[in-house]
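Read the figures in this text as sums done on the coordinates, not as results from a lab. The model shown is predicted, which means the values in this text are computed figures rather than measured ones. So basically every Cβ, Gly included, is an ideal-geometry build from the backbone, and we count neighbours across all protein chains shown.
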């Protein structure tokens, strides 16, 4: 019976694919649909907590796989493919979708069937994707999602006629409410017929595809629903020439407040938990190398990263609410013109805003930017934004060198002014770098900016919860791997070589030797070897320099009686202090950021380039400061 | 490239999408962009022959939202300028797009 589905005339008997009887190899089914079709909501419904997120190897496309448990106890592996409008492999997303569906990706098994998710309220246009999918000849269930919206807005469709026209089973569901999801399970559990559409258009010809979709819709007596009333009403406010930008600002300020102020107590709580659990474990262990490694090395090092988890989760909660409700698209629209001035686009705004808290979640959130070049440019400039890890360093140096006196009357003290200046400096560096990148290597002026405005919807708890769970897993996995390794290496370098059963003085340790070897390089900036070690350890995370300097000053008999600030005043000239601040404003001292950039850009090219550029800029900036200020 | 385009009405004028004011409806005639970009626009509903209604915009009028084929898509002016349309009616909101 092979080839039967290709002729397009045979639509009487469907070809039945044998269900694999072995329980050990669950069959793989791909979930595909255009963006905003509710594909991920359905995927979450079907798989619940049994899902994992990874990147497809070699590309930046995220791969969600999950296990759906069928009512009869069998399981099916589901692959959630990226949202695409067509299978023409032009973007990376489309390439991945195309390759997975045609079995051309070695790392992913070829799916045995397809769940095609379409928005029933926009069926005529979304059906265009059905043509290339049905042409693959794989068993396909056509899922018309958002059936509740279709009904309430007075639209309708004859499922029997649509099914006959497409030659494939059709289900009208609401993934958000869980209506009709059992039909999807029935399809997965049953004998899955190969599709036998009445006719298919020429796939390369978009107008022909649209005409075909319109014809199929008409045959299925499809009546488009009335325009979404609430969306129009809300847009009248959110896109109002005056109220719109004001509300946008209010949203921005609210997010800023949440990730700075609301997150702080939770950060302190996690910090407290880590310190006390560390002390508790330390009390149980005998003194020695192992205890030092576990407590001073691993517990403190990895712990200093885990304290950011509440902040990361709060940020993703905010982004999740904005995205799921549909406001994010409006925010991107409002921000677009401003962002266009530096060569970026509206969707870069939220990631850059969140980079003020931490570049790591910010870089992870650039996934909402479809344009690859814009996304990379956003990733590259995000670490210039003054993240919260720079704050402790700025606070310490400013307190040590800038006197407490008013700068602009009672409005602005000199210290607050210096802090503000550093924020502005980071922002300017980001803007200028963006301009530079977008006018050279990442030029993408020819790709038009397209932004679909989805209807407003209430975000659901389950979808937000799953999102946060996903992000926590990704975050903790990194803390448990890369950061753990770096911490252990740093600890070892500070405690070796061992002489007479004792760790060496810090100046003679491996780290100290490296610091002193490295000293000539940083001497022109006004830094000595102690600051040098701080700079090296700060590559792991910026605030590590404080802990490192604390240790070094504590071990050094010259400074161990003094406070941190006094010791710093001995070590740095005012010019050197400004140089240090500028160095921290520009340098990419954060192993987590480097790791996340590598992950998100799919290779070492961009993180190496970014690290070199930022370090170079930091060095030149610090050098200039050290020579101009005496 | 044209689908069933209505016979030109006497008052209709060829113009570009960027000239539409909020609430104006027009029929898309052509897309003057490289093939890949034109395809992307067509996949989003900007197929010649389709009715487009101008909607709200960001402050300053750029980018602007257009209602086309049951969805709302925002385009920058530089892109909208490349889409030639034939004006159908003016000043009437909530036109349902033709399928």
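Could you tell me the convex hull volume per residue, in Å³, taken over the Cα atoms of chain A?
Once divided by residue count, the hull of chain A is 184 Å³.
Spin-label model, residue A:405/residue A:229: points 7 Å from Cα along the beta carbon direction are separated by 6.7 nm. Between residue A:499 and residue A:414, the distance separating the two model label sites (each 7 Å from Cα on the Cα→Cβ line) works out to 4.4 nm. Angle of helix A:484-495 to the longest C-alpha principal axis of chain A, folded into 0 to 90 degrees and rounded to 10: 10°.
Mind running the shape call on region B:14-89? Use the C-alpha gyration tensor, a ≥ b ≥ c as the square roots of the eigenvalues: rounded below 1.5 for a/c, prolate if a/b tops b/c, oblate otherwise. In terms of gyration-tensor shape, rounded.
Relative to the dominant Cα principal axis of chain A, helix A:605-628 is inclined by about 30°. Over chain A, DSSP H runs of length four or greater, each weighted -39,500 (n - 2.57), average out per residue to a 222 nm ellipticity of -16500 deg cm²/dmol. With both residues required to sit in chain A, DSSP beta bridges show an antiparallel share near 50%.
Using 0.36 nm times the number of residues separating residue A:269 and residue A:514, minus their current alpha carbon distance, what extension gain do you get?
Going from the current span to full extension adds 84.6 nm.
The fewest-to-most ranking of A:242, A:237 by surrounding Cβ atoms within 10 Å reads A:242, A:237.
How much length, in nm to one decimal, is gained on full extension between residue A:464 and residue A:423, taken as 0.36 nm per residue of separation minus their Cα-Cα distance?
The span from residue A:464 to residue A:423 would gain 11.6 nm if fully extended.
Between the Cα long axis of helix A:544-555 and the first principal axis of chain A there is an angle of about 30°, rounded to the nearest 10.
For the pair residue A:253 and residue B:77, label points projected 7 Å from Cα toward Cβ lie 3.0 nm apart. Built from the Cα atoms of region A:45-161, the convex hull projects on average onto 8.8 nm², one quarter of its surface area. Looking at the square roots a ≥ b ≥ c of the eigenvalues of the Cα gyration tensor of region A:129-228, which shape do they give, rounded for a/c under 1.5, prolate if a/b is larger than b/c, or oblate? The shape class here is oblate. Comparing Cα centroids, region A:372-428 and region A:164-192 end up 54 angstrom apart.
The mean count of C-beta atoms from other chains within 10 Å of the C-beta of residues in A:200-208, rounded to a whole number, is 3. Packing-based ranking of A:350-359, A:374-383 yields A:374-383, A:350-359, ordered from highest to lowest mean Cβ neighbour count within 10 Å. In terms of surrounding Cβ atoms within a 10 Å radius of their Cβ, A:290, A:583 rank from fewest to most as A:290, A:583. Stretching residue A:472 away from residue A:565 to a fully extended chain increases their span by 29.8 nm, per 0.36 nm per residue minus the current alpha-carbon distance. Can you work out the FRET efficiency for the pair residue B:86 and residue A:395, with r the C-beta to C-beta distance and R0 = 51 Å, to the nearest 0.05? The value I calculate is 0.20.
The order of A:494, A:590, going from fewest to most other C-beta atoms within 10 Å of their C-beta, is A:494, A:590.
Placing a label point 7 Å from the Cα of residue A:523 along the Cα-to-Cβ direction, the residues of region A:612-630 whose backbone N falls under 19 Å from that point are A:619-620, A:622-628.
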